[in-house]
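Structure record follows, encoded as structure tokens.
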Amino acid sequence: MNQQKSKAGAEPIVRMNKLNKHFGDFHVLQDIDLRVATGEVVVVIGASGSGKSTLIRCVNGLEEFQQGELDVDDSPLLPYGKATQALQKIRTEVGMVFQQFNLFPHLSVLDNVILAPMKVRGQDRETAVATGERLLERVGISDQIHKYPTQLSGGQQQRVALARALAMEPRLMLFDEPTSALDPEMIGEVLDAMRELANDGMTMMIVTHEMGFAREVADRVIFIDKGRIVEEGPPETIFDQPVEAATQSFLSRVL
Ligand code: ADP
Ligand code: MG
């Protein structure tokens, strides 16, 4: 509980004020107010099509929004995706892991991991390799680093994707259904790596349908329905005593 209190009081790294986003006539995100404290793990749940991916993609500027305010690590993202230096900074500070692993197929595992640190951060190869090897060991891939992505299982590829994101030393990690494309027997190894990251104090926003995992790692759970945050709170409250009918109905379908 003490840990949660200190997180709640910590400086927010993500601040969204009345954020609104439209896809043409479709109002996909409506008046989203959201803060994520440094070191906090926020899990976003909700039905398919409710706007979860769009919400977290706004945080690193992959989706533009039209109204409201969003800043990440004190850098403002502007409406309509207006390109700024802040956007560049945010892209280098925010790591993302997607449902599809999106590894570069023509690069070895190690080269996938060292590419951005060398190109974007300007690290020399030796430094990038040392960090890359350490991170690949941390996610349990150290014996596969010279293989190509297609030679790995889905669970291994997703762990490489995680190591690749971590190699940029992100201040915040975003996850969009990182285990949804995996065979069931591989889900656990990816969740284990994420759990370890959470325990190490990484700030994380996670979209997932793994409710057991959410209950275990989340400091806060956010339920989103039709583009609105309907209810949020600690996992025990959201999962065991949801107040809103929409939350109750969603949970009765997935739990
Ligand atoms: P979730 O991740 O919760 O399943 P999404 O954020 O992917 O939901 O999508 C929310 C809604 O926005 C859905 O109705 C989806 O069809 C729509 N949508 C998503 N991306 C686009 C797009 N690029 N253009 C138009 N509509 C989109
Ligand atoms: Mg989605």
Do you know which residues across segment 191-216 are closer than 23 Å to V254 by Cα, in contact with a strand residue (DSSP E or B) (Cβ under 9 Å, 6 or more places away or on another chain), open to solvent by less than 30 Å² (accessible area, probe 1.4 Å) and not small (G, A, S)?
M194, M204, M205, I206, V207, T208, M211, F213
Pick from segment 44-97 the residues that are among the basic types (K, R) and within 16 Å of ligand 1 (Cβ to nearest atom): which of them is surrounded by the most Cβ atoms within 10 Å (Cβ to Cβ)?
K52
L182 vs. criteria open to solvent by 10 Å² or more (accessible area, probe 1.4 Å) and over 19 Å from F239 (Cα atoms)
yes
Filter segment 223-255 down to the residues that are among the acidic types (D, E) and within 20 Å of the chain's Cα centre (by Cα) and list them by number.
D225, E231, E232
Can you go through K82, K119, K89 and tell me which one is modelled with pLDDT of 95 or more and among the charged types (D, E, K, R)?
K119
State all residues of segment 152-186 that are in contact with a strand residue (DSSP E or B) (Cβ under 6 Å, 6 or more places away or on another chain), more than 16 Å from ligand 1 (Cβ to nearest atom) and either farther than 23 Å from M118 by Cβ or in a helix (DSSP H, G or I) (or both); if no residue qualifies, say none.
A161, L162, A165
From the residues in segment 219-233 that are open to solvent by 10 Å² or more (accessible area, probe 1.4 Å) and of a type in the set (A, V, I, L, M, F, W, C), which one is nearest to I32 (Cα to Cα)?
I229
Starting from residues that are more than 15 Å from E210 (Cα to Cα) and outside any loop (DSSP other than H, G, I, E, B), keep the ones in segment 237-255 and report whichever is least open to solvent (accessible area, probe 1.4 Å).
T247
Condition check: in contact (Cβ under 8 Å) with a residue 12 or more places away in the chain, closer than 17 Å to L166 by Cβ and not hydroxyl-bearing (S, T, Y). Does F104 satisfy that?
yes
Is there any pair with a first residue in segment 161-177 that is farther than 20 Å from D73 by Cβ and a second that is away from ligand 1 (no atom under 16 Å from the Cβ) and of a type in the set (K, R) whose Cβ atoms are under 8 Å apart and which are 6 or more apart or on different chains, and what are they?
A163/R138
Without any contact (Cβ under 8 Å) to a residue 24 or more places away in the chain and in a helix (DSSP H, G or I): which single residue out of E216, E196, E232 fits that description?
E216
Tell me the residue from L166, L191 that is farther than 24 Å from G51 by Cα and among the hydrophobic types (A, V, I, L, M, F, W, C), please.
L166
Taking L172 as the residue in question, decide whether it is closer than 26 Å to D71 by Cβ, at pLDDT 95 or above and among the aliphatic types (A, V, I, L, M).
yes
So which residues in segment 135-151 are within 26 Å of N199 (Cα to Cα), out of contact with any Ser or Thr (no Cβ under 9 Å at 6 or more places or on another chain) and in a helix (DSSP H, G or I), if there are any at all?
L135, E137, R138, S142, D143, Q144
Could you list, in sequence order, all residues of segment 99-124 that are out of contact with any Phe, Trp or Tyr (no Cβ under 8 Å at 6 or more places or on another chain) and surrounded by 17 or more Cβ atoms within 10 Å (Cβ to Cβ)?
F101, L103, L110, V113, I114, A116, P117, M118, Q123
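The values are calculated or read from the model by the stated rules, or taken from the named source; none is laboratory data. Remember, predicted model here, so these are calculated numbers, not experimental data. When we count neighbours, we look across all protein chains shown, and the Cβ atoms used for this are built from the backbone with ideal geometry, even at glycine. The area values use the complete protein model at the heavy-atom level, side chains included, leaving out ligands, DNA and RNA. Shrake-Rupley method; radii C 1.70, N 1.55, O 1.52, S 1.80 Å.
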